[in-house]
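J.: Take this structure first; my questions come after.
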Amino acid sequence: MNYPSHPGPIGVFDSGYGGLTILREIRNLLPQYDYLYLGDNARAPYGTRSFDIVYEFTRQAVEELFNRGCHLVILACNTASAKALRSIQMHVLPLTDPDRRVLGVIRPTVEILGKTSSTRHIGLLATPGTVKSHSYRMEIEKIYPGMEITEQECPMWVPLVETGEFDSPGADYFVKKYIDCILNTDPEIDTLILGCTHYPLLLDKIRQFTPANVNILPQGELVAESLSDYLRRHPSMEERCTRGATVEFLTTESPEKFDPLASLFLGSPVSSTRITL
């Protein structure tokens with residue numbers, strides 16, 4: 001593949017809107033870089049799709065960002081990180097451009113657990129697709145053997161966020177239901193991972209129904225800190241990331257549909273361009 005060789009923006013990909021909560025925290029910490037966000041909103045959600053389809057869609061998105069000049073792409077999506085990241089790293093990059101990098105959101109989230117958990121009992125709140133992949137369990141067992149992890153599917157949380165009902169009284173039932181369920185399954189849990197990038201919009205309600213002694217880990221800040229550390233440790237990659245403090249938004253959906261909800265996730269106005277993958 002002959003991708004552009006000149007420096008370019010940092011690519012951020014998600015199947016939908018949730019990755020904007022990751023982008024928001026990355027820009028808060030590293031505002032100097034240029035960013036290119038791509039949401040595959042027309043084909044979302046990915047959570048219920050097979051491994052093969054998620055891999056294929058994610059590969060197409062990564063190649064699109066590479067073609068637009070990105071040397072580094074963040075999969076700001078738990079499903080894509082769980083179902084596609086390893087295959088892209090092992091089978092796509094060596095053949096297309098071994099100097100480009102694709103990073104995910106699972107490892108940065110897991111690495112912090114040694115500092116947040118004293119009981120070594122961890123809870124994962126995530127979409128059915130992420131839970132079924134057991135990617136968090138495998139990563140935790142790799143880094144922290146012996147930690148106990150309980151995985152809880154929260155199928156109603158993404159629809160609550162994407163319909164704008166995340167702050168409504170009606171959301172209380174479903175937020176409390178899944179938190180009660182996971183803590184009843186293992187009362188020793190002292191750290192809850194929010195394993196979906198939509199969930200920060202539910203954070204106030206999640207805190208409301210979670211005991212004060214339980215740590216809650218949204219991913220945005222953890223991924224941002226991990227990216228900052230990565231760029232420090234890889235100066236050759238850092239030199240390939242342009243610094244103009246700009247951000248551009250691409251979506252496979254219509255901008256009229258994408259922009260209002262994207263603005264809600266990002267916390268600032270969004271104006272996007274529609275593309276086809």
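The values are calculated or read from the model by the stated rules, or taken from the named source; none is laboratory data. Note that the structure is a prediction, hence the values are computed from the model and not measured. All Cβ positions, glycine included, derive from the backbone under ideal geometry; neighbour counts span all protein chains shown. What goes into the accessible areas is simple: the full protein's heavy atoms, side chains included, and nothing from ligands, DNA or RNA. Shrake-Rupley method; radii C 1.70, N 1.55, O 1.52, S 1.80 Å.
J.: Can you work out the Karplus-derived ³J(HN,Hα) for every residue in region 21-37? Use 6.51 cos²θ - 1.76 cosθ + 1.60 with θ = phi - 60°, whole Hz, and x for glycine or proline.
T.: 5, 6, 4, 4, 6, 5, 5, 4, 8, 10, x, 6, 8, 8, 10, 10, 9
J.: Next question, about the same structure. Ignoring the sites themselves, what is the longest stretch of the chain with no GluC sites (Glu not before Pro) in a DSSP loop and at most 16 other beta-carbon atoms within 10 Å? Don't skip to the answer; put the middle values down first.
T.: Values: sites that count: 165, 188, 239.
The longest such stretch corresponds to 1-164.
J.: Quote the FRET efficiency, to the nearest 0.05, computed for residue 87 versus residue 6 with a Förster distance R0 of 30 Å and r equal to the Cβ-Cβ distance.
T.: Numbers: r = 28 Å, r/R0 = 0.93.
Efficiency at R0 = 30 Å is approximately 0.60.
J.: Still on this structure, I have one more. Using the heavy atoms of the protein chains alone and a 1.4 angstrom probe, what is the accessible area of the chain per residue in square angstrom? Before the final figure, lay out the partial values.
T.: Details: 11920 Å² over 277 residues.
Roughly 43 Å² per residue, with all protein chains present.
J.: Expressed as a whole percentage, what fraction of the accessible surface of the chain belongs to carbon and sulfur atoms when a 1.4 Å probe is rolled over the protein heavy atoms? Display every interim value, and only then the final one.
T.: On the way: 6100 of 11920 Å².
Of the solvent-accessible surface of the chain, carbon and sulfur hold 51 percent.
J.: On to the next question. If you average the alpha carbon positions of region 1-60 and of region 80-155, how far apart do those two centres end up, in angstrom?
T.: Region 1-60 and region 80-155 have Cα centres separated by 17 Å.
J.: Suppose the chain between residue 268 and residue 144 were pulled fully straight at 0.36 nm per residue; how much longer would it get relative to their current alpha carbon spacing? Write down the numbers at each step before the final one.
T.: Details: separation 124, 0.36 × 124 = 44.64 nm, distance 3.77 nm.
Between residue 268 and residue 144, full extension yields 40.9 nm more.
J.: May I ask you to derive the FRET efficiency for residue 67 and residue 176 from their Cβ-Cβ distance with R0 = 45 Å, giving the value to the nearest 0.05? Mind showing how you got there, number by number?
T.: On the way: r = 45 Å, r/R0 = 1.00.
The value I calculate is 0.50.
J.: Residue 56 to residue 212: FRET efficiency via 1/(1 + (r/R0)^6), r the Cβ-Cβ distance, R0 45 Å, to the nearest 0.05? All intermediate terms of the calculation are to be shown ahead of the outcome.
T.: Values: r = 44 Å, r/R0 = 0.97.
With R0 = 45 Å, the Cβ-Cβ based efficiency is 0.55.
J.: Would you mind pulling out the separation of the Cα centroids of region 239-261 and region 173-193, in Å?
T.: 35 Å
J.: A further question follows. Listed here are the pairs 132/257; 115/205; 142/205; 83/142; 177/257; 142/176; which of them are more than 27 Å apart at the Cα? Provide the component values of the computation, followed by the final result.
T.: Details: 132/257 30 Å; 115/205 24 Å; 142/205 32 Å; 83/142 17 Å; 177/257 30 Å; 142/176 31 Å.
From 132/257; 115/205; 142/205; 83/142; 177/257; 142/176, over 27 Å: 132/257; 142/205; 177/257; 142/176.
J.: Using just the helices of the chain, give the 222 nm mean residue ellipticity in deg cm²/dmol: DSSP H runs with n ≥ 4 each add -39,500 (n - 2.57), and the total is spread over all residues, rounded to 500. Provide the component values of the computation, followed by the final result.
T.: On the way: 14 runs with 120 residues, N = 277.
About -12000 deg cm²/dmol.
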